[in-house]
1. Quick check: pseudo-label points 7 Å beyond the Cα along Cα→Cβ at Ser232 and Glu210, how many nm apart are they?
2. Can you tell me how much longer the chain between Glu81 and Ile188 gets when fully stretched, taken as 0.36 nm per residue apart minus their C-alpha distance, in nm with one decimal?
3. Compute the FRET efficiency between Ser174 and Glu63 as 1/(1 + (r/R0)^6), taking r as their Cβ-Cβ distance and R0 = 41 Å, and round to the nearest 0.05.
4. Length gain on complete extension for the stretch Arg108 to Ala141, per 0.36 nm per residue less the alpha carbon to alpha carbon distance?
5. Under the Kirkwood approximation for Rh and a Cα-based Rg, what ratio Rg/Rh is obtained for region 7-68?
6. Cross-link partners among lysines for Lys126, C-alpha distance below 25 Å, same-chain residues fewer than 8 apart left out?
7. Percent relative contact order of region 74-231, based on C-alpha pairs within less than 8 angstrom and at least six residues apart?
8. Can you compute the modelled spin-label distance between Glu29 and Lys16, with each label point 7 Å from Cα toward Cβ, in nm?
Amino acid sequence: MNIPDRPTARRVGLSKEKIVEIATKMSEEHGIDGWSMRSLAAETDVVPSVLYHYFANKDEVCERIIENLTLLLKLPSEDLEWKDWFTDYLTQMRRLLIRYHGVTEHLRQAKFPRASLPFFDLGMKKLEAAGFGKYAPLAHAMIMNVAVSAISARNVRIPETSGPHHQLTSALHSLSGMAAESEGLTSIIDNVLAPLAAQTDEETGCRFFELLVKSILSGVESVLLPLAQQES
């Protein structure tokens, strides 16, 4: 009796790199949390057990995806002033990561890839050179936290994203009752939340992120830098 080929036998051409390539494409289409090892196996045309010859679990695949994505980010010129340097890098990061929903959730859990080490090292050097002294690590952490959280929050207003998220349109609906009793909340909804929820292109989101980055950079400059100078 002839036994038909099983996917477990079809490993020719399969490699860690090929698996990560397919998983990266799936992450762009469905979000990094929108696929499973089973669905990845189906897309790769093998049974799930084959994937475990290459990766112990999905987390390992995700680590490789995030590592490869980080390598796509170009470190800004060291000649740039520190605020321009961070603005350049964070703008690149947003432009890339909004295509891969869920990646920022990993970063928010401090799951930074090894490829991000040059960013941390040079970022710290820029802040130290600017005079932040012992407050440089705090400034760096605050800048990254705000930027990553802002990119992550975009998932809140993108209906097609997978994984745990709460659509901003739903949030606006739940707030509508209270807004009728509050001029302050109404103003925030009308001028910030509603435009973000209704955006049909990236212009509003880009502008919001640009202002957010400028605000956090100016904030650490006006608060932490004077403290460092006073204590030096």
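No value in this document is a laboratory result; all are computed from the given coordinates. Small disclaimer: the values here were computed from a predicted structure and weren't measured. For neighbour counting, all protein chains shown are included, and Cβ atoms are generated from backbone atoms with ideal geometry for every residue, glycine included.
1. Calculated label separation equals 3.2 nm.
2. Going from the current span to full extension adds 35.2 nm.
3. On the way: r = 36 Å, r/R0 = 0.88.
After rounding to 0.05, the efficiency reads 0.70.
4. 10.8 nm
5. 0.92
6. Cα-Cα hits under 25 Å: Lys74, Lys83, Lys111, Lys134, Lys214.
7. This gives 27 percent for region 74-231.
8. 2.5 nm
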